[in-house]
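Comments concern the structure below.
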Amino acid sequence: MVEARFSKDMISILSSCKDKKLVSYESEAPNEVGGVYGNMRLNFEGFSLEIVNEEQSMPMFNEQEDVACISCSKVDTSAPFEPMVVTDVVKTSVGHVVEAIDVITDTIDVNDGEYQIAFDMAVIFHMENAILMVSRDVWFSEMLTIRDNERFDEVFPVDDVIESWSNDGEYHVSVKRTKTSL
């Protein structure tokens, strides 16, 4: 199985956000559905975290293919945020302590085991009176979606995942969606 998931170090970084105050986040101006291209930054008290969704070369069936994969890293809080596209930066205030963090993972099986891949699809930050979800969508897109709810199934339903992998119905596709609490 191909793994397009957060590394152990990235999971540790995400876990370190628990019980920390999320001051704000920065990105390009989101489109009408909350989409931003490629990256965004979360600013916590004392540190910042960049979430990136960019292409990486991965095995796909019998060849290599560019597949968008989500990742995260701590970044210099004093350095200005630089979006992946040349545009103005929007800073959105949050001001809540993160109480819980969930990671949504899709495990995709094509043609009963011919090809299998697992993607981390979203990170959901639960706060006392707020929720912030950062998610990705179709396997080839570098877009991130920023939402103030945890309903990932509304952003990218399992049926859409199946459709994106079915090659217009040529392949049999099944998807198992799981939520892991950090």
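The values are calculated or read from the model by the stated rules, or taken from the named source; none is laboratory data. Everything quoted here is computed from the prediction, not taken from an experiment. Ideal geometry is used to build each Cβ from the backbone, glycine not excepted, and the neighbour counts take in all protein chains shown. The accessibility values were calculated without ligands, DNA or RNA, using every heavy atom of the protein model including side chains. Shrake-Rupley method; radii C 1.70, N 1.55, O 1.52, S 1.80 Å.
A few points about this structure:
- Qualifying strands (runs of 3 or more DSSP E) (wholly inside segment 75-182; at least 3 residues being at pLDDT 90 or above and either β-branched (V, I, T) or surrounded by fewer than 13 Cβ atoms within 10 Å (Cβ to Cβ) (or both)): 89-110, 115-127, 173-181
- Residue check, S71 out of contact with any Ser or Thr (no Cβ under 7 Å at 6 or more places or on another chain), at pLDDT 95 or above, closer than 28 Å to N167 by Cβ and part of a strand (DSSP E or B): yes
- Within segment 1-46, no residue satisfies the criterion of being open to solvent by less than 30 Å² (accessible area, probe 1.4 Å), in contact with a helix residue (DSSP H, G or I) (Cβ under 9 Å, 6 or more places away or on another chain) and farther than 16 Å from I124 by Cα.
- Under the condition of being open to solvent by less than 70 Å² (accessible area, probe 1.4 Å) and either of a type in the set (G, A, S) or under 17 Å from L132 (Cα atoms) (or both), the residues counted in segment 54-74 number 5.
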